[in-house]
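Reviewing the structure listed below.
Throughout, read-outs are computed from the coordinates displayed, never taken from laboratory work. Keep in mind it's a predicted model, so treat the numbers as computed, not measured. Here Cβ is always computed from backbone atoms with ideal geometry, including for glycine, and neighbour counts include all displayed protein chains.
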Amino acid sequence: MTMPSFVRHCPSCGMGNRIPARHLADAGRCGSCKSPLPPLGEPLDVNAEEFANIVAEAKVPVLTDFWAEWCGPCRMAAPEVKELAREMAGKAIVLKVNSDEYPQVAARFGVQSIPNFVVLRNGQVVSQRAGLAPRAEMRRWLEAAA
Ligand SMILES: [Zn+2]
């Protein structure tokens, strides 16, 4: 199995840098212009393989937002989830899994309704909740898992 890596674009020169899952929450340096590359600060849309890789490799808590296109509450949650990822940059990773495209991942966590938020640490589920939640509460889940 090949290890997926994730392309992050340098804020200074725009060059794509390939980042392995275990370093997604770390600050680094652009391979091209050597400018600082900040830790991941936005939700990452992942497929089943990328999800498994990040959950297994991440050194910080991972919040996964299970969502789907047709889900109104998911659309309401999206800006909050995005802001959460920005607030928790370097301290947590925020993933988005489309439960229509990857039903096997959703089934693994018993996701019956969406949005559904699963917090994982070292590959284990720390907490899980269905339905909209305020951003401050989502942040507390991640802080409790740190
Ligand atoms: Zn650069």
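Compute, for the chain, the length of the dipole vector about the Cα centre, with Cβ point charges of +1 (Lys, Arg) and -1 (Asp, Glu) only. Units Debye, rounded to 20. Walk me through the numbers before you get to the answer.
Working: 17 positive and 15 negative charges, 102 e Å.
Around 480 debye, computed over the chain.
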Here the cysteines of the chain without any disulfide-compatible Cβ partner under 4.7 Å are none
Across 5 Å bins beginning at 0, the whole-percent shares of Cα-Cα pair distances in the chain come to 2, 10, 20, 23, 20, 14, 7, 3, 1, 0
By the Cα gyration tensor axes a ≥ b ≥ c (a/c under 1.5 gives rounded; else a/b larger than b/c gives prolate, otherwise oblate), the shape of region 50-134 is oblate
Toy charge model, Lys and Arg Cβ at +1, Asp and Glu Cβ at -1: region 1-53 dipole around Cα centroid in debye, rounded to 20, equals 320 debye
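What net charge is computed for the residues neighbouring P4, neighbours being all others with C-beta under 9 Å from the C-beta of P4, Lys and Arg scored +1, Asp and Glu -1?
Values: positive: none; negative: E49, E50.
Surrounding charge for P4 is -2.
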If each part is reduced to its alpha-carbon centroid, region 119-143 and region 1-46 end up apart, in Å, by 24 Å
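Summing Lys, Arg as +1 and Asp, Glu as -1, what charge do residues with Cβ under 11 Å from the Cβ of A133 carry, A133 excluded? The partial results should precede the final answer.
Numbers: positive: R129, R135, R139, R140; negative: D65, E80, E137.
Around A133, the charge tally is +1.
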Note, G31: beta-carbon cut-off 14 Å, +1 each Lys/Arg, -1 each Asp/Glu, net +4
If one compares the long axis through the Cα atoms of helix 48-57 with the longest principal axis of the Cα atoms of the chain, the angle in degrees, nearest 10, works out at 70 degrees
Between the modelled labels at E69 and S5 (7 Å from Cα along Cα→Cβ) the distance in nm is 3.2 nm
Residue span A48 to K34: 0.36 nm per residue of separation minus Cα-Cα distance leaves a gain in nm of 1.8 nm
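Please report the antiparallel percentage of DSSP beta bridges with both residues in the chain, rounded to the nearest 5.
Numbers: 18 of 26 bridges.
Looking only at bridges with both residues in the chain, the antiparallel portion is about 70 percent.
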The helix 135-145 Cα axis meets the longest alpha-carbon principal axis of the chain at an angle in degrees, between 0 and 90 and rounded to 10, of 80 degrees
Q104 and M15 label points (each 7 Å along its Cα→Cβ direction) are spaced in nm at 3.7 nm
